[in-house]
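As structure tokens, the structure follows; a few thoughts come after it.
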Amino acid sequence: MTKPIAAIILAAGMGTRMKSDLHKVLHPIAGRPMLLHLIDNVQALDASRIVVVAGARREQVEAAVTPLGVEVAIQTEQLGTGHAVQQAETALSGFGGDVLILYGDVPLVSAATMARMIERLHGEGEPSVVVLGFRPADAAAYGRVIADKDGRIAKIVEYKDASADERAVTLCNSGLMAVRSADLFRLLAQVTNDNAAGEYYLTDLAELAVKDGRGAVVVETAADEVAGVNSRAELAAVDASWQAKRRVQAMAEGATLVDPATVWFSFDTKVGRDVLIEPNVFFGPGVSVADGATIRGFSHIEGATIGAGAEVGPYARLRPGAVLGEKSKVGNFVEVKKAVLGKGAKANHLTYLGDAEIGAGANIGAGTITCNYDGFFKYKTVIGEGAFVGSNSALVAPVTIGAGAIVGAGSTVTKDVEADALRLVRPDQQTKSGWAKRFREMMAAKKASK
């Protein structure tokens, strides 16, 4: 790109069909607000200015985008898309470059598609306006783009204003545009609300550009890239579309997904080569999986780092701060939170490890828990290299189990254990010969007498 780029993102709608107290554009796709997906793609173009036009619940939008250096303009009245774009004029005062007009509830449009729109703006004939069009399987009530075979637009017409012949056209308007800053607000000033809805349509820019002499052209993209979100069902559909592409990407990069449709990634999931992911695995935000790791079925992972050759699950839960070293293993029904497992350390089943540091080669028996919380504060458990913790043990933090130490099964450990020591914390076993037989005979006689 030779000229600076700005983006105006429209997010002023009420979003009433979502039936939510959360602003529509802040509902998540793959664990991240859809608006931030779009901003990420704009920032990939090195855009120098981004303005979000907000209205209802604008304080939520401001809280989400202000830390990213994004400006917010306010549309106090809902008078149409053209009017919404006009609200960004002050924020873009003095900007000289190309402007992308985007929608916060159309989150999956790629940086590559945006770049194509900008490139076409400076291509043959240097049109005043570039419109992004698509051809859905069902054109339904989308606005239609009336254009010739070379993509030169005659008009864009809203469905409710279209004639029967115009409704038969399959090329639809996504609403996304690219316009030079020198043309944008000059043309917008000419837009009227003489239409069935009494609104100021952004789409009128195309006809105004035709009258202006340089015209407008359409660039096409796939329908799923410009899918919009107006309801919970559409949110789920867009999320599913994102997931489908991410699964293909993971496999193309060298991971094996046994049943791809049942694996759910987050927006930032990192998966290495030769990783095996079994069915029904969910990745929340902040997960990194190194080469050669195995994630077995029905595991739930978020905020975790999984080392090379490590094994997780089945039915494991890794919470934020879990770090699994090379070739370590966390098995079925094990929960790990803010704990580090060293190389080759194992917790094979039925264990909770929270606020812990576990040395290389240590073995944690079934039913072991780190008692890390007293109702007020969290405390740390340290288990040394090569230590062995027997089944059904409770390690009451803060406590340290030395390297090579053994904790006998069923122990409740409240004091540090020195290296290579054996710690047993359980009462002596007593045996009363014949007691069980006498008990059964007594109880049977008592029952028979009733």
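The values are calculated or read from the model by the stated rules, or taken from the named source; none is laboratory data. Small disclaimer: the values here were computed from a predicted structure and weren't measured. For neighbour counting, all protein chains shown are included, and Cβ atoms are generated from backbone atoms with ideal geometry for every residue, glycine included. SASA here: full protein model, heavy atoms, side chains in, ligands and nucleic acids out. Shrake-Rupley method; radii C 1.70, N 1.55, O 1.52, S 1.80 Å.
For the range 280-297, give me the residue count where each residue is over 17 Å from residue 266 (Cβ atoms) and either in contact (Cβ under 8 Å) with a residue 40 or more places away in the chain or not in a strand (DSSP E or B) (or both). Walk me through it before giving the result.
Here is the first cut: in the range 280-297, the residues over 17 Å from residue 266 (Cβ atoms) are 291-292, 294, 296-297.
So of that shortlist, the ones also either in contact (Cβ under 8 Å) with a residue 40 or more places away in the chain or not in a strand (DSSP E or B) (or both) come out as 291-292, 296-297.
The total comes to 4.
I'd like the full set of residues that are over 16 Å from residue 172 (Cβ atoms) and outside any loop (DSSP other than H, G, I, E, B), limited to the range 118-141.
Selection gives 118, 119, 120, 121, 129.
Just give me the residues in the range 186-227 being of a type in the set (Ser, Thr, Tyr), open to solvent by less than 50 Å² (accessible area, probe 1.4 Å) and modelled with pLDDT under 95, in sequence order. So that I can check it myself, show each step before the final result.
Taking the range 186-227 and keeping what is of a type in the set (Ser, Thr, Tyr), we get 192, 200-201, 203, 221.
Filter once more, keeping what is open to solvent by less than 50 Å² (accessible area, probe 1.4 Å): 201, 203, 221.
Selection gives 201, 203.
Can residue 274 be described as open to solvent by 70 Å² or more (accessible area, probe 1.4 Å), free of Cβ contacts under 8 Å to residues at least 24 places away in the same chain and acidic (Asp, Glu)? Against the criterion (open to solvent by 70 Å² or more (accessible area, probe 1.4 Å), free of Cβ contacts under 8 Å to residues at least 24 places away in the same chain and acidic (Asp, Glu)), residue 274 qualifies.
Would you be able to say whether some residue in the range 86-101 is surrounded by 15 or more Cβ atoms within 10 Å (Cβ to Cβ), within 20 Å of residue 199 (Cα to Cα) and hydrophobic (A, V, I, L, M, F, W, C)? Quick ask: steps written out before the conclusion?
As a first pass, look at the range 86-101 and keep what is surrounded by 15 or more Cβ atoms within 10 Å (Cβ to Cβ): 86-89, 91-92, 95, 97-101.
Still in the list and also within 20 Å of residue 199 (Cα to Cα): 86-89, 101.
Those still in the list that are hydrophobic (A, V, I, L, M, F, W, C) too: 88, 101.
Within the range 86-101, one or more residues are surrounded by 15 or more Cβ atoms within 10 Å (Cβ to Cβ), within 20 Å of residue 199 (Cα to Cα) and hydrophobic (A, V, I, L, M, F, W, C).
Within the range 118-142, the set of residues being surrounded by 21 or more Cβ atoms within 10 Å (Cβ to Cβ) and closer than 16 Å to residue 226 by Cβ comprises 130, 131, 132, 133, 134, 142.
Return the only residue of 438, 423 being crowded, with 17+ Cβ neighbours inside 10 Å, free of Cβ contacts under 8 Å to residues at least 60 places away in the same chain, charged (D, E, K, R) and out of contact with any Asp or Glu (no Cβ under 9 Å at 6 or more places or on another chain). Only one candidate qualifies: 423. Residues in the range 256-274 that are within 21 Å of residue 29 (Cβ to Cβ), assigned to a loop (DSSP other than H, G, I, E, B) and not hydroxyl-bearing (Ser, Thr, Tyr): 265, 267, 268.
Residue count for the range 423-438, restricted to those that are closer than 29 Å to residue 392 by Cα and part of a helix (DSSP H, G or I): 2. Listed by first and then second residue, the pairs with beta-carbon distance under 8 Å, at least 6 apart or on different chains, first residue in the range 184-208 and more than 18 Å from residue 129 (Cβ to Cβ) and touching a residue at least 60 places away in the same chain (Cβ under 8 Å), second of a type outside the set (A, V, I, L, M) and exposed (fewer than 14 other Cβ atoms within 10 Å of the Cβ), are 197/160. Only one of the listed residues (22, 100, 38) is part of a loop (DSSP other than H, G, I, E, B) and at pLDDT 95 or above. That residue is 22.
The residue that is nearest to residue 367 (Cα to Cα), among those in the range 398-420 that are in a loop (DSSP other than H, G, I, E, B) and open to solvent by 60 Å² or more (accessible area, probe 1.4 Å), is 414. Within the range 232-255, residues that are under 16 Å from residue 107 (Cβ atoms) have Cβ atoms under 7 Å from residues that are of a type in the set (Phe, Trp, Tyr) and modelled with pLDDT of 95 or more in these pairs: 243/264; 243/265; 246/265, counting only partners at least 6 apart in sequence or on another chain. Of all residues in the range 226-255, those being under 15 Å from residue 134 (Cβ atoms) and either in contact with a helix residue (DSSP H, G or I) (Cβ under 6 Å, 6 or more places away or on another chain) or assigned to a loop (DSSP other than H, G, I, E, B) (or both) number 3.
Is it the case that some residue within the range 41-49 is of a type in the set (S, T, N, Q), open to solvent by 20 Å² or more (accessible area, probe 1.4 Å), within 18 Å of residue 175 (Cα to Cα) and outside any loop (DSSP other than H, G, I, E, B)?
Checked against the condition, which is being of a type in the set (S, T, N, Q), open to solvent by 20 Å² or more (accessible area, probe 1.4 Å), within 18 Å of residue 175 (Cα to Cα) and outside any loop (DSSP other than H, G, I, E, B), the range 41-49 yields at least one hit.
The rows are residues; the columns are (1) more than 30 Å from the chain's Cα centre (by Cα); (2) part of a loop (DSSP other than H, G, I, E, B); (3) of a type in the set (Phe, Trp, Tyr).
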| position | (1), (2), (3) |
| --- | --- |
| 184 | yes, no, no |
| 192 | yes, yes, no |
| 197 | yes, yes, no |
| 201 | yes, yes, yes |
| 209 | yes, no, no |
| 214 | yes, yes, no |
| 217 | yes, no, no |
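Restricting the range 157-172 to residues that are within 35 Å of the chain's Cα centre (by Cα) and open to solvent by 20 Å² or more (accessible area, probe 1.4 Å) leaves a set whose member that is modelled with the lowest pLDDT is 158. Within the range 1-60, the set of residues being among the β-branched types (Val, Ile, Thr) and closer than 11 Å to residue 105 by Cβ comprises 9, 25, 29.
Which of the residues that make up the range 339-351 are assigned to a strand (DSSP E or B) and either in contact (Cβ under 8 Å) with a residue 40 or more places away in the chain or buried (at least 20 other Cβ atoms within 10 Å of the Cβ) (or both)? Show your work before the answer.
Step one: of the range 339-351, the residues assigned to a strand (DSSP E or B) are 339-341, 346-351.
Across the range 339-351, the qualifying residues are 339, 341, 346, 347, 351.
For the range 372-395, a residue qualifies if it is surrounded by 17 or more Cβ atoms within 10 Å (Cβ to Cβ) and within 12 Å of residue 355 (Cα to Cα), and the qualifying residues are 372, 381, 382, 383, 395.
Based on what the data block shows, is residue 30 within 20 Å of the chain's Cα centre (by Cα) and closer than 22 Å to residue 185 by Cα? Taking the combined requirement at face value, the residue does not satisfy it.
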